[in-house]
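What follows draws every value from the coordinates through simple rules; no lab data is involved. A quick note: this is a predicted structure, and the numbers were derived from the prediction, not measured. FYI the Cβ positions are ideal-geometry reconstructions off the backbone, even for glycines, and counts take in every protein chain you see.
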Amino acid sequence: MFNARVLQEDIKAAKEYKIEFIRLAFDKFPTKRRDFLMGNADHYEGLDPDNLLALKKVLDACLAENMPVVITLLSLPGSRWTQNNSDEDDLRIWQDANFQKQAAKF
């Protein structure tokens, strides 16, 4: 699910279609900051608590429906997902060890 929002109804519908697990990419989830959950891929300082709560609600909804989830990280510090980066590759993580350290913390 690469949706901006994942609702309980979405998870139920997936179960009805016999989908066995959900691949959850939360990069499009709404956030007050630049990047969901990490705050800002330009300088990671810690998880955004409001975003973490929103992610947990989706995971709890999946648990309630007994739907396994694979969390997919499309962005990391120094490597913002192309669709959230004006369709440009963000390869800073491969050029700067500080981004690699931030990614490991994330």
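The set of residues in region 70-84 being more than 12 Å from the chain's Cα centre (by Cα) and either of a type in the set (A, V, I, L, M, F, W, C) or not in a helix (DSSP H, G or I) (or both) consists of Pro77, Gly78, Ser79.
Among the listed residues Asp42, Asp87, which satisfies the condition of being part of a loop (DSSP other than H, G, I, E, B) and at positive phi? Outline the logic, then answer.
Values: Asp42 fails: at positive phi.
After ruling out the rest, the residue left standing is Asp87.
Go through the residues of region 22-39 one by one and say whether even a single one is among the β-branched types (Val, Ile, Thr) and in a loop (DSSP other than H, G, I, E, B). For region 22-39, residues among the β-branched types (Val, Ile, Thr) and in a loop (DSSP other than H, G, I, E, B): present. Scanning region 12-25 for any residue that is surrounded by 12 or more Cβ atoms within 10 Å (Cβ to Cβ) and closer than 17 Å to Gln102 by Cα turns up nothing. Being within 30 Å of Ile19 (Cβ to Cβ), among the hydrophobic types (A, V, I, L, M, F, W, C) and in contact with a helix residue (DSSP H, G or I) (Cβ under 6 Å, 6 or more places away or on another chain) is a property that Leu37 has. Taking the criterion of being closer than 18 Å to Arg5 by Cβ and either in contact with a strand residue (DSSP E or B) (Cβ under 6 Å, 6 or more places away or on another chain) or touching a residue at least 24 places away in the same chain (Cβ under 8 Å) (or both), the residues of region 60-74 that qualify are Ala61, Cys62, Ala64, Glu65, Met67, Val69, Ile71, Thr72, Leu74.
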